[in-house]
Amino acid sequence: MPNSLQENTEAMDSIVIIGSSGHAKVIIDIVEQEGRYKIAGLLDLNRKVGEQTLGYQILGRHEDLPQLVTTHALKGAIVAIGDNFVRSKVAVRVKEACPSLLFVSARHPKASIGRDASVGEGTVIMAGATANPCSSIGRFCILNTNSSLDHDSVMGDFSSLGPRAATGGNCRIGSYSAIAIGAVLIHGIHIGEHTVLGAGSTALRNIDSFKVAYGTPAKVVRDRKPGDTYL
Amino acid sequence: MPNSLQENTEAMDSIVIIGSSGHAKVIIDIVEQEGRYKIAGLLDLNRKVGEQTLGYQILGRHEDLPQLVTTHALKGAIVAIGDNFVRSKVAVRVKEACPSLLFVSARHPKASIGRDASVGEGTVIMAGATANPCSSIGRFCILNTNSSLDHDSVMGDFSSLGPRAATGGNCRIGSYSAIAIGAVLIHGIHIGEHTVLGAGSTALRNIDSFKVAYGTPAKVVRDRKPGDTYL
Amino acid sequence: MPNSLQENTEAMDSIVIIGSSGHAKVIIDIVEQEGRYKIAGLLDLNRKVGEQTLGYQILGRHEDLPQLVTTHALKGAIVAIGDNFVRSKVAVRVKEACPSLLFVSARHPKASIGRDASVGEGTVIMAGATANPCSSIGRFCILNTNSSLDHDSVMGDFSSLGPRAATGGNCRIGSYSAIAIGAVLIHGIHIGEHTVLGAGSTALRNIDSFKVAYGTPAKVVRDRKPGDTYL
């Protein structure tokens, strides 16, 4: 058994973490600190059953999932994959294979979620992150370390704020878009879907869908297609 | 009654929030989480009595305030207006109309205020913000989401740090000046009064009063007068 | 006695803080909030015995340390000096003079240290800082206000993250290197030893040892020798 803050894992619902990378380790830590779910183990395409990460075993591959749901009495899952588009494809596959499995969220105890903020299923919120009142965070989003989403801002499904990324109030980030580490959106900025704003950038104007933009002020440097690498 | 963390609002002093924008919603959330004051309602020039924000009613307009102080047994107020100059004008008007009303501060439980740091009346400190030891925060300031004011730094009255803005130690920010979202002052930088440092900027040298500056390193791009829009 | 959160300082081991600057004040605040050690007093080359900082007396100079260890029953020390190279020289001198003295760490209660993250002796972690799971922080490091070190990243001895500096996952920062206030390393970046990355910079590529680099993207602008001033 891994070190954890869980006192009575017997009574908790079991979940599986899909992925076992560094990003998955961050999510495991959050789930343990929250103490809402018991982690039954991990799924990873590229590793052998029985290998371990932070004390949790690789239980199998994606095709084993329906069987594992029964064996481990799995109630939920978190897709612990950092790339937004890859995460969406895996989430769809998992849902198709196991319709009964719920996607759960993970929120670090040292994150701050304001009043009337909503957090969709499958979304993960890291240490030091802040979502202010009346913000709306879609399904399968990432609010990474020390990032902030300010009041009344909206993140579409499968979008992400990188570590320390920050928005002003009333911003919109479209589905699948990634705001990279350290980037900033000033108050009221709208970012389209499938767009990437590069590390350390500052968006002073709206950015369309399917773009890569960076710099301070951020400028569009090229188009991108869904699933293209970020930069 | 709105959802709140307040257990016994009967025993608490009542305050009024002046403003009802997104910024006001952030402040309402903080006041609720602190549980020091009961919010009697909101004032807003542009809305009708009885309209609601986060479950609190618009009680009236500014000219109704003397009457409302009696009706609602108001002890204090917070001016929940993001623009530094507008906030100062409203604060003066409120003080003139109701000299007995105290301006109170609001500090998010997940903010960190260091030892021997001082926080003036009417100042609001958002989630994730840090004010380190021996810093001095004036009256009616804003330390916005995840911002930080480092040791021995001083903020003049009606000045503001935007979301994620950060200073080194021994900095000074003059009255009415705004350090925009994501901007940085290195150790020991002095910013004059009524100056705006733009989003994502990095100030490596002092900046005079009545300037707009931005960039990394920050350069003065034009003069501004008190009350000019920020950028 | 200074104001403190310590309830029973009698039972705690006594430590000495070496340095009495603003940086030392931040560390004093953390040690008090942690409540693990009792601060017996401060050492400072440039001040007179009996002068005070935050209520703690200057006990003497470095050459008095062996005597003070006995007089004050000192068990540990923290070198509260912000410059990485100067801090290393002082740490060596202290260790030579008093081999029995342990260098202790200080971690603000509002910092977040992830699972399986390691923190070396003499390291200080400020309010709002985050070290994610499986990160490794060497000896005598500084994670300053609201900074973040992401999963699996490594900081060498005597290195530092300035206020709000942030790394992606799997980064490496060599010994004695300083990532200045507000700077960013994207995922997987390696920084050599004795290198300085300037304020507000964004490192998109690795940077060698003994360099000064800045800008977004960060470029090497000159060489530096151990002990050179940062910029």
Among the candidates A:GLY122, A:GLY182, residue that is over 16 Å from the mean Cα position of the chain (by Cα), modelled with pLDDT of 95 or more and closer than 29 Å to C:SER147 by Cβ: A:GLY182
Residues of the range C:125-137 satisfying the condition of being hydroxyl-bearing (Ser, Thr, Tyr) and buried (at least 24 other Cβ atoms within 10 Å of the Cβ): C:THR130, C:SER135
Complete set of residues in the range C:100-124 that are assigned to a loop (DSSP other than H, G, I, E, B), without any contact (Cβ under 8 Å) to a residue 60 or more places away in the chain, open to solvent by 30 Å² or more (accessible area, probe 1.4 Å) and of a type outside the set (Lys, Arg): C:SER100, C:ASP116, C:GLU121
Filtered residues of the range A:68-90 (kept if more than 22 Å from A:ALA40 (Cβ to Cβ) and among the β-branched types (Val, Ile, Thr)): A:VAL86
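Test A:HIS187 against the stated conditions and say whether it is within 12 Å of another protein chain (Cβ to nearest Cβ) and either more than 25 Å from B:SER160 (Cβ to Cβ) or open to solvent by 10 Å² or more (accessible area, probe 1.4 Å) (or both).
For A:HIS187, the condition - within 12 Å of another protein chain (Cβ to nearest Cβ) and either more than 25 Å from B:SER160 (Cβ to Cβ) or open to solvent by 10 Å² or more (accessible area, probe 1.4 Å) (or both) - is met.
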Residue check, B:LYS25 under 23 Å from A:ILE113 (Cα atoms) and away from chain A (no Cβ under 14 Å): no
Candidates B:LYS219, B:LYS211 - the one that is over 26 Å from C:LEU161 (Cβ atoms) and within 14 Å of chain C (Cβ to nearest Cβ): B:LYS219
Residue that is at pLDDT below 95, open to solvent by 10 Å² or more (accessible area, probe 1.4 Å) and within 25 Å of C:GLY200 (Cα to Cα), where the choices are A:LEU231, A:LEU204: A:LEU231
Residues (farther than 22 Å from B:THR216 by Cβ and crowded, with 21+ Cβ neighbours inside 10 Å) located in the range A:190-201: A:HIS194, A:THR195
Test result for C:LYS38, closer than 18 Å to C:ALA91 by Cα, modelled with pLDDT of 95 or more and over 17 Å from the mean Cα position of the chain (by Cα): no
B:SER209 being modelled with pLDDT of 95 or more and under 21 Å from A:VAL184 (Cβ atoms): no
Single condition C:PHE140 does not satisfy, out of (1) outside any loop (DSSP other than H, G, I, E, B); (2) open to solvent by less than 10 Å² (accessible area, probe 1.4 Å): (1)
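From the residues in the range B:149-179 that are among the hydroxyl-bearing types (Ser, Thr, Tyr) and within 14 Å of the chain's Cα centre (by Cα), which one is nearest to the other protein chains (Cβ to nearest Cβ)?
The residue in question is B:SER160.
Counting only residues that are open to solvent by 20 Å² or more (accessible area, probe 1.4 Å) and in contact (Cβ under 8 Å) with a residue 40 or more places away in the chain, how many does the range A:17-35 have?
Summing the residues that are open to solvent by 20 Å² or more (accessible area, probe 1.4 Å) and in contact (Cβ under 8 Å) with a residue 40 or more places away in the chain in the range A:17-35 gives 4.
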Contacts under 7 angstrom Cβ, first residue in the range C:209-230 being at positive phi, partner acidic (Asp, Glu), 6 or more apart: C:PHE210/C:ASP223
All positions within the range A:207-228 that are outside any loop (DSSP other than H, G, I, E, B), open to solvent by 80 Å² or more (accessible area, probe 1.4 Å) and of a type in the set (D, E, K, R): A:LYS219, A:ARG222, A:ASP223
Residues of the range B:125-148 satisfying the condition of being over 23 Å from A:LEU149 (Cα atoms) and either among the aromatic types (Phe, Trp, Tyr) or more than 7 Å from every other protein chain (Cβ to nearest Cβ) (or both): B:SER135, B:SER136, B:ILE137, B:GLY138, B:ARG139, B:PHE140
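Select from the range A:143-170 the residues that are in a strand (DSSP E or B) and buried (at least 24 other Cβ atoms within 10 Å of the Cβ) and list them in ascending order.
Correct list: A:LEU143, A:SER148, A:LEU149, A:MET155, A:SER160, A:LEU161, A:ALA166, A:THR167.
The values are calculated or read from the model by the stated rules, or taken from the named source; none is laboratory data. All of these numbers come straight from a predicted model, not from anything done at the bench. Don't worry about glycine lacking a Cβ; one is built from the backbone with ideal geometry, like all the others, and counts go over all protein chains shown. Accessible surface areas use protein heavy atoms only, side chains included; no ligands, DNA or RNA. Shrake-Rupley method; radii C 1.70, N 1.55, O 1.52, S 1.80 Å.
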